[in-house]
Amino acid sequence: MTVWAISDLHFDSARKQSMDRFGKDWEDHVARITTSWRKQVKETDLVLLGGDLSSVAQTIEKAKADLERISALPGKKVLVSGNHDIWLTKEALQASAWRDEFLFLQGNCIQIEDKIICGLRGWLSPNDPCYDALDRNRFNLEMQQLQSALDQAKELIASKENQNKKLKTYILLHFPPFTTKGIKTAFWELILENKVATNTVACIYGHFHIHEEWDNLKKITQESKLIHNIDCYLTTSAYLKHTLKQIH
């Protein structure tokens with residue numbers, strides 16, 4: 001099983017509007033994503049989806065065409081919601097035709113073979129330039145969800161069933177645990193405090209769309225590998241040129 005990741009697909013089948021209006025980074029992005037996905041991913045592979053799957057859908061019914069497009073692509077799919085995924089809730093997904101197609105994480109974790117995946121949306125942190133006082137409640141909730149997911153991962157690792165396994169832990173977010181300026185946030189500090197495996201832990205995130213933001217993450221990404229032995233991956237589709245990133 002190969003692990004792949006991508007986020008911020010921003011499919012928009014309901015309105016049939018092209019993302020080309022946001023610049024060259026988005027030209028023909030749906031076709032590019034689906035073509036590369038079919039070339040790269042096998043049915044037995046795992047695909048981690050870091051949110052913002054559908055751009056503007058308000059309900060799961062309006063996201064139907066986007067979900068059908070993703071569902072038809074190969075691989076087992078694990079996802080978290082992004083700030084655009086207003087339609088995506090556990091209740092709506094469970095009641096839908098796609099309840100067996102996607103594994104949705106929201107402050108919890110799952111184990112697939114030797115892989116433990118913790119997932120949540122994340123949020124803006126108080127030290128982010130874009131943070132507003134109105135973000136406080138959501139920030140606190142997402143911090144609690146991160147702690148809950150990490151606690152569950154530690155329980156899985158300590159379980160009798162996993163005593164002789166070398167597990168890999170993945171943390172899947174939509175919002176990076178770093179600011180737009182590439183500064184560590186409280187989410188990152190909590191990940192370090194609760195590092196749940198002695199082998200490589202990968203942190204995967206999206207949300208950032210601006211080239212300057214991409215550049216600001218490069219130094220902190222290198223540092224996380226050298227100092228903490230944590231692989232950090234920005235998987236925004238535009239950043240990846242609309243191909244999937246092979247994680248492990």
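The values are calculated or read from the model by the stated rules, or taken from the named source; none is laboratory data. From a predicted model like this one, the values you see are computed outputs, not experimental measurements. Here the Cβ is made from the backbone with ideal geometry for all residues, glycine too, and neighbour counts use every protein chain on show. Keep in mind that these areas ignore ligands, DNA and RNA; they rest on the heavy atoms of the full protein, side chains included. Shrake-Rupley method; radii C 1.70, N 1.55, O 1.52, S 1.80 Å.
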- Task: Please verify whether segment 218-229 includes one or more residues that are within 28 Å of residue 54 (Cα to Cα) and among the hydrophobic types (A, V, I, L, M, F, W, C).
- Result: no
- Message: Among the residues in segment 223-232, are any at pLDDT below 95, in a loop (DSSP other than H, G, I, E, B) and on the phi < 0 side of the Ramachandran plot?
- Response: no
- Task: Pull up segment 116-165, narrow it to residues that are farther than 20 Å from residue 52 by Cβ and of a type in the set (Gly, Ala, Ser), then point me to the one that is modelled with the highest pLDDT.
- Result: 148
- Query: Counting only residues that are more than 10 Å from residue 176 (Cβ to Cβ) and within 17 Å of the chain's Cα centre (by Cα), which one in segment 203-220 is most open to solvent (accessible area, probe 1.4 Å)?
  - Reply: 209
- Message: Regarding segment 132-151, can at least one residue be identified that is in contact (Cβ under 8 Å) with a residue 40 or more places away in the chain and closer than 19 Å to residue 70 by Cα?
- Response: no
- Residue that is farthest from residue 234 (Cα to Cα), among those in segment 126-155 that are in contact with a helix residue (DSSP H, G or I) (Cβ under 7 Å, 6 or more places away or on another chain) and crowded, with 17+ Cβ neighbours inside 10 Å: 143
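Looking only at segment 84-96, which residues are within 15 Å of residue 7 (Cα to Cα) and open to solvent by less than 60 Å² (accessible area, probe 1.4 Å)? Walk me through how you get there before you give the answer.
Just the residues of segment 84-96 that are within 15 Å of residue 7 (Cα to Cα), to begin with: 84-85, 88.
The answer is 85, 88.
Which residues, counting only those in segment 97-120, are of a type outside the set (A, V, I, L, M), in a loop (DSSP other than H, G, I, E, B) and either open to solvent by less than 10 Å² (accessible area, probe 1.4 Å) or over 28 Å from residue 32 (Cα atoms) (or both)? If you could, list the steps in order and put the result at the bottom.
Applying the first criterion (of a type outside the set (A, V, I, L, M)) to segment 97-120 yields 98-102, 104, 106-109, 111, 113-115, 118-119.
Cutting the leftovers down to in a loop (DSSP other than H, G, I, E, B) gives us 98-101, 106-107, 113-114.
Within segment 97-120, 106, 107, 113, 114 qualify.
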- Message: Six or more apart or on different chains, Cβ atoms under 7 Å: show the pairs whose first residue is in segment 196-213 and over 18 Å from residue 105 (Cα atoms) and among the β-branched types (Val, Ile, Thr) and whose second is at pLDDT 90 or above and open to solvent by 20 Å² or more (accessible area, probe 1.4 Å).
- Response: 200/168; 200/231
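Could you grab me the full set of residues in segment 97-115 that are among the aliphatic types (A, V, I, L, M) and over 16 Å from residue 51 (Cβ atoms)?
Let us first name the residues in segment 97-115 that are among the aliphatic types (A, V, I, L, M), namely 97, 103, 105, 110, 112.
Once the filter is applied, which keeps residues that are among the aliphatic types (A, V, I, L, M) and over 16 Å from residue 51 (Cβ atoms), segment 97-115 yields 97, 110, 112.
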